[in-house]
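Engineer: Before I ask anything, here is the structure I am working with.
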Amino acid sequence: MTSTRDPGCSPHGAAGPGPVPASDGVGGVLVERREHRTRVVLRGEVDVDLAPALDEAAEVARAAAVPVEVDASRVTFMDSTGVAFLARLAARAEPRVVLVRPTAVVQFVLEVTAVSSLLDVEAGGPEAGTGTGTQAGTEQA
């Protein structure tokens, strides 16, 4: 495994300016803790290689005890690992987890598995702003 920092992140893990390219096939997860919500940003391939980072992200989001928002606008692939991550978040969260800007791939897999019924899905949403971000786990090459 190779540990790298997401190129779209500042040294503190907060989202940097502009989009993070996901065409390299690398999966990543970033958790931004804010005063009134926790934002989880997924990118690239969300699969079994990302499982440890997803587990860590779920734990950080749960411990924050504020509403959770998941940005899935940069996801290029999602297997059952990603679906299970979203289902776990949804099962533990109150109010409901908000899934922001899911790609067609994410929408399809969540509709087929019926996990979409556990989430509030928004086609658009607020851009990543300032907050305290942490890189969850590692990115897989």
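The values are calculated or read from the model by the stated rules, or taken from the named source; none is laboratory data. Since we're looking at a predicted model, the values are computed, not measured. Methodologically, a virtual Cβ is constructed for each residue, glycine included, from the backbone with ideal geometry; neighbour enumeration extends over all protein chains shown. Only protein heavy atoms, including side chains, enter the accessible area calculation; ligands, DNA and RNA are left aside. Shrake-Rupley method; radii C 1.70, N 1.55, O 1.52, S 1.80 Å.
Engineer: Please work out if Ala14 is at pLDDT below 65 and either among the aliphatic types (A, V, I, L, M) or closer than 24 Å to Pro95 by Cα (or both).
Structural biologist: Criteria met by Ala14.
Engineer: In the stretch 28-79, what count of residues is obtained for those that are within 18 Å of Ser116 (Cα to Cα) and among the hydroxyl-bearing types (Ser, Thr, Tyr)?
Structural biologist: So the answer is 2.
Engineer: Residue pairs, Cβ under 6 Å, 6 or more apart or interchain, first in the stretch 80-94 and more than 14 Å from Ala51 (Cα to Cα) and part of a helix (DSSP H, G or I), second of a type in the set (A, V, I, L, M, F, W, C) and open to solvent by less than 40 Å² (accessible area, probe 1.4 Å). List them.
Structural biologist: These pairs meet every condition: Ala90/Val97; Ala90/Leu119.
Engineer: Failed condition for Gly131, given (1) modelled with pLDDT under 95; (2) open to solvent by less than 70 Å² (accessible area, probe 1.4 Å); (3) more than 16 Å from Val41 (Cα to Cα), with all others met?
Structural biologist: Here Gly131 meets the rest and fails (3).
Engineer: If a residue must be part of a helix (DSSP H, G or I) and surrounded by 20 or more Cβ atoms within 10 Å (Cβ to Cβ), how many such residues does the stretch 95-114 contain?
Structural biologist: Here the count works out to 3.
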